[in-house]
Protein chains: 2
Amino acid sequence: MFTDKMILRIPGPTPIPPRVQQAMNQPMIGHRSGQFSELFARTAERLRPYFGTSGDVMILAGSGTSALEMSVVNTLQPGEEAAVLVSGAFGERFAKICERYGIVVHRLDVPWGEAVTPDKLDAFLADKPQVQAVFATYCETSTGVENPIRELAQVVRQKSNALFIVDAVSCLGAVSCEMDAWGVDIVVTGSQKAFMLPTGLAFLAASKRAWDVIDSKKPLAFYLDLKAYRKSLAEKTTPYTPAVSLIFGLDEVCKMLEEEGLAAIIKRHEIMRDMTRAAMRALQIPLMASDEFAASTVTSCHPETFDAEQLRKVLRTQHNIVIAGGQQHLKGKIFRIGHMGYCEPLDVLQVIAAIEMSLQQIGAPVELGAGVKAAQEVLLAHV
Amino acid sequence: MFTDKMILRIPGPTPIPPRVQQAMNQPMIGHRSGQFSELFARTAERLRPYFGTSGDVMILAGSGTSALEMSVVNTLQPGEEAAVLVSGAFGERFAKICERYGIVVHRLDVPWGEAVTPDKLDAFLADKPQVQAVFATYCETSTGVENPIRELAQVVRQKSNALFIVDAVSCLGAVSCEMDAWGVDIVVTGSQKAFMLPTGLAFLAASKRAWDVIDSKKPLAFYLDLKAYRKSLAEKTTPYTPAVSLIFGLDEVCKMLEEEGLAAIIKRHEIMRDMTRAAMRALQIPLMASDEFAASTVTSCHPETFDAEQLRKVLRTQHNIVIAGGQQHLKGKIFRIGHMGYCEPLDVLQVIAAIEMSLQQIGAPVELGAGVKAAQEVLLAHV
């Protein structure tokens, strides 16, 4: 096997397109130069459509978690109350961040693999008028569930004055997001998922309502002070040193996204989701998420007749393909296929074919080609 | 002029060596893979010599400022007291971070261009036994002053029980640092200076004394929680998503640093400092720092007979060389030449020659070749 041809089918980081890699190869420039300012302002502005906002998008050197924390430390104070919708590992993380800052957390837990539904949120918020922010996860990477953010936003807007803050790390850029129209107040995401970049950047956009709250509060941290980022962005720069090479890459990513068009990108991800789910069904491998709430960027499977870790190992060692395992209590029990970013339907056929062979290799019952055929039929219905 | 041949002679970011660029071009890998764990543990361990520590070095996705903040939020609580030695813009930043968290700050200010001397620190700490941390800047990038960290550490150790915390962002890897031997408790730095990487990573090492304090306190932030990084490093990973492509580059940087050897690297930077200073003296351009406290990574000049911004502009537009201007109240009044990282004595001759030509082009009094000659003489004394 080619040692440099490891194929990443995990829900991030995702493969880097060669032209993005090439763009990041540009010689370093000073981050206080006019050349950088022009580049930075141009890329920040072009991120807006993926958030569905006419407002500013902040770019941060840090991981997705740093951006989640940014959404907390600028909107709440210790002792204030927040609702956190927990449908997996990343909802859990929002709760932990809030608790670290002494924020009173009201958790709405749903079993891993299920979505938070508008009804549940409605009932949950009914007796909690004091809640000042509601935190939700768009795509819960740990389970492959896509929470119905648009409908949840409606509930928050109708039932409360709280800000609605959404972690869209593992889906933004690949799914519909209309934060202005839906009434979402803060959306955060990372660079290494649908944005096809290496890890190391995070993006955040805030509504007018959110900025009013942010302006009325003292930020609880320094590096993550949103007001500092807004002030600098108005001057086409960043308050602290930006990750310059990743911004070079982001500029090229914006070009690629614009060439394909957001509607086509969303459609491509939906097709890849449907192909993967059809294949797993044909192979009689149980899916974690229901059709209604299945993420278009990652599919989680909960096998009953074979060991998920054995499958992952053979895929990796025999076929050079990496898929993800489970997190926390699902560790060793599930596998997750990422189909996001620089990934096309034909790549999905490839990973399905490799899974079929691996199943045979580990002695699991499998009809070779059955999953591929089911996925082909999905794809052919769209071409 | 070649538009891709802009020569960076600023005190960070510094030019990226081609082999480091090449290393960063490797296809993306999952950050929870065994392959990444091995890479990560290997690079983290090899950073130790540059800190002069036998302890762990933490690697963070973020800017130098995020690492400064990390050193604050893990060692102090609101209401506790700290001394901050302020000799320029980055000492100032430490003070601002402390203030953001409600830490009582005692400032020891010295005029920009001067160093904090052991005598001054001794007198300053005499009546402040309650101070729990002393923050200092090793190389104050804004002025080109290198504070005498070894001697300052002695004063802190003798006069107080405070932790001694050092910002070495713009010099570590290019200067002597023996944190264990000197009794320095925390040292932080960034990737984009002597470590020859793009911006986006920060490194932090802590002493046994510091870890005892850290273990006794609740961290004031989440993403910057040092205990989480230590726990993950023991498992060869990171608590949150690392900047994978920069770690690829860091691995190659470690190889380059090891090939040259730290003693030779330190010597190279001292020679470049002496060449630059000899040249500026020959050109009758006043230097900001005295010989005793001159940084070996950046030289600041305070011209009296010409406009610093005019010089920078001609250098950039006519000769494709970027040098830095002044920060805060020195904006427009000084210029700073970076000679750090992927930079050799011959590169210093080049920037000096270009400065001479630019001076003639802006009508400043200059004897062409005089600066180059002075620098050549310094270099020849070492070969």
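Just one residue in the set A:Thr276, A:Thr238 is part of a helix (DSSP H, G or I) and surrounded by 17 or more Cβ atoms within 10 Å (Cβ to Cβ); that residue is A:Thr276.
Residue-by-condition table, conditions (1) out of contact with any strand residue (DSSP E or B) (no Cβ under 7 Å at 6 or more places or on another chain); (2) more than 22 Å from A:Thr238 (Cβ to Cβ); (3) outside any loop (DSSP other than H, G, I, E, B):
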| residue | (1), (2), (3) |
| --- | --- |
| A:Asp180 | yes, yes, yes |
| A:Val187 | no, no, yes |
| A:Phe195 | yes, no, no |
| A:Phe203 | no, no, yes |
| A:Asp212 | yes, yes, yes |
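Of the residues in segment A:339-348, at least one is crowded, with 23+ Cβ neighbours inside 10 Å, outside the structural domain of A:Cys171 (by TED's automatic domain parsing) and not in a loop (DSSP other than H, G, I, E, B).
For the residues A:Ile323, A:Ile355, the requirement of being within 26 Å of A:Ser87 (Cα to Cα), out of contact with any Asp or Glu (no Cβ under 9 Å at 6 or more places or on another chain), modelled with pLDDT of 95 or more and of a type outside the set (Asp, Glu) singles out A:Ile323.
Do you know which residues across segment B:106-147 are part of a loop (DSSP other than H, G, I, E, B) and of a type in the set (S, T, N, Q)? Please lay out each step first, then the result.
Of segment B:106-147, the ones part of a loop (DSSP other than H, G, I, E, B) are B:110-117, B:127-130, B:138, B:141-144, B:147.
Matches in segment B:106-147: B:Thr117, B:Gln130, B:Thr141, B:Ser142, B:Thr143, B:Asn147.
Picking from residues in segment B:1-29 that are more than 10 Å from chain A (Cβ to nearest Cβ) and either in a helix (DSSP H, G or I) or among the charged types (D, E, K, R) (or both), the one that is surrounded by the fewest Cβ atoms within 10 Å (Cβ to Cβ) is B:Arg19.
Of A:Gly326, A:Gly332, all but one fail to be in contact (Cβ under 8 Å) with a residue 24 or more places away in the chain, under 17 Å from A:Gly88 (Cβ atoms) and within 13 Å of another protein chain (Cβ to nearest Cβ); the exception is A:Gly326. Restricting attention to segment A:60-91 and to residues that are among the charged types (D, E, K, R) and free of Cβ contacts under 8 Å to residues at least 60 places away in the same chain, the residue that is nearest to the other protein chains (Cβ to nearest Cβ) turns out to be A:Glu80.
Answer yes or no: is there a residue in segment B:30-46 that is part of a loop (DSSP other than H, G, I, E, B) and farther than 28 Å from B:Trp211 by Cα. Yes, some residue in segment B:30-46 is part of a loop (DSSP other than H, G, I, E, B) and farther than 28 Å from B:Trp211 by Cα.
Only residues that are under 29 Å from A:Ser191 (Cβ atoms) and among the hydrophobic types (A, V, I, L, M, F, W, C): list them for segment B:50-83, please. Even if it seems obvious, please write down each step before you answer.
Taking segment B:50-83 as the starting set, the residues that turn out to be under 29 Å from A:Ser191 (Cβ atoms) are B:50-51, B:56-74.
Listed by number, the residues that qualify are B:Phe51, B:Val57, B:Met58, B:Ile59, B:Leu60, B:Ala61, B:Ala67, B:Leu68, B:Met70, B:Val72, B:Val73.
Is it the case, given these coordinates, that B:Asp291 is of a type in the set (D, E, K, R) and in contact (Cβ under 8 Å) with a residue 24 or more places away in the chain? No: the conditions fail for B:Asp291.
Take the conditions buried (at least 24 other Cβ atoms within 10 Å of the Cβ), away from chain B (no Cβ under 13 Å) and not in a helix (DSSP H, G or I) and apply them to A:Ala221. Does it pass?
Working: buried (at least 24 other Cβ atoms within 10 Å of the Cβ): yes; away from chain B (no Cβ under 13 Å): no; not in a helix (DSSP H, G or I): yes.
In short, no.
One residue stands out in segment B:310-323 among those that are free of Cβ contacts under 8 Å to residues at least 24 places away in the same chain and surrounded by fewer than 16 Cβ atoms within 10 Å (Cβ to Cβ): the one that is nearest to B:Asn147 (Cα to Cα), namely B:Lys313.
Residue selection: A:Gln328 fails the criterion of being out of contact with any Pro (no Cβ under 9 Å at 6 or more places or on another chain) and under 16 Å from A:Ala354 (Cα atoms).
Taking A:Asn161, is it farther than 16 Å from A:Ala295 by Cβ and not hydrophobic (A, V, I, L, M, F, W, C)?
Numbers: farther than 16 Å from A:Ala295 by Cβ: yes; not hydrophobic (A, V, I, L, M, F, W, C): yes.
It is true that A:Asn161 is farther than 16 Å from A:Ala295 by Cβ and not hydrophobic (A, V, I, L, M, F, W, C).
Condition first: part of a loop (DSSP other than H, G, I, E, B) and within 14 Å of chain A (Cβ to nearest Cβ). Can you find one or more residues in segment B:248-270 that meet it? No: zero hits.
Please pick out the residue among B:Lys227, B:Lys231 that is assigned to a helix (DSSP H, G or I), in contact with a helix residue (DSSP H, G or I) (Cβ under 8 Å, 6 or more places away or on another chain), assigned by TED's automatic domain parsing to the domain that holds B:Leu163 and among the basic types (Lys, Arg).
On the way: B:Lys231 fails: in contact with a helix residue (DSSP H, G or I) (Cβ under 8 Å, 6 or more places away or on another chain).
Sole residue among the options that is assigned to a helix (DSSP H, G or I), in contact with a helix residue (DSSP H, G or I) (Cβ under 8 Å, 6 or more places away or on another chain), assigned by TED's automatic domain parsing to the domain that holds B:Leu163 and among the basic types (Lys, Arg): B:Lys227.
Residue count for segment B:33-44 under the criterion of being touching a strand residue (DSSP E or B) at 6+ places or on another chain (Cβ under 8 Å) and within 14 Å of chain A (Cβ to nearest Cβ): the result is 2. The listed residues are B:Asp109, B:Asp185, B:Asp122, and the only one of them that is surrounded by fewer than 24 Cβ atoms within 10 Å (Cβ to Cβ) and touching a Lys or Arg at 6+ places or on another chain (Cβ under 9 Å) turns out to be B:Asp122.
The single condition from (1) surrounded by fewer than 23 Cβ atoms within 10 Å (Cβ to Cβ); (2) under 29 Å from B:Ala289 (Cα atoms) that B:Arg100 fails is (2). Look through A:Ile214, A:Ile247, A:Ile271, A:Ile266 and report the one residue that is among the β-branched types (Val, Ile, Thr) and closer than 30 Å to B:Leu76 by Cβ. Going through A:Ile214, A:Ile247, A:Ile271, A:Ile266 in turn, just one is among the β-branched types (Val, Ile, Thr) and closer than 30 Å to B:Leu76 by Cβ: A:Ile214. Residues of segment A:46-59 include at least one that is more than 12 Å from chain B (Cβ to nearest Cβ) and of a type in the set (Asp, Glu). Among the residues making up segment B:131-161, those that are surrounded by fewer than 24 Cβ atoms within 10 Å (Cβ to Cβ) and either touching a His at 6+ places or on another chain (Cβ under 9 Å) or small (Gly, Ala, Ser) (or both) are B:Val131, B:Ala153, B:Ser160. The set of residues in segment B:280-324 that are within 25 Å of the chain's Cα centre (by Cα) and in a loop (DSSP other than H, G, I, E, B) comprises B:Ile285, B:Pro286, B:Met288, B:Ala289, B:Ser290, B:Ala295, B:Ser296, B:Thr297, B:His302, B:Pro303, B:Asn320.
The values are calculated or read from the model by the stated rules, or taken from the named source; none is laboratory data. The shown structure was predicted, so the numbers you read here are calculated from the model rather than taken from an experiment. All Cβ positions, glycine included, derive from the backbone under ideal geometry; neighbour counts span all protein chains shown.
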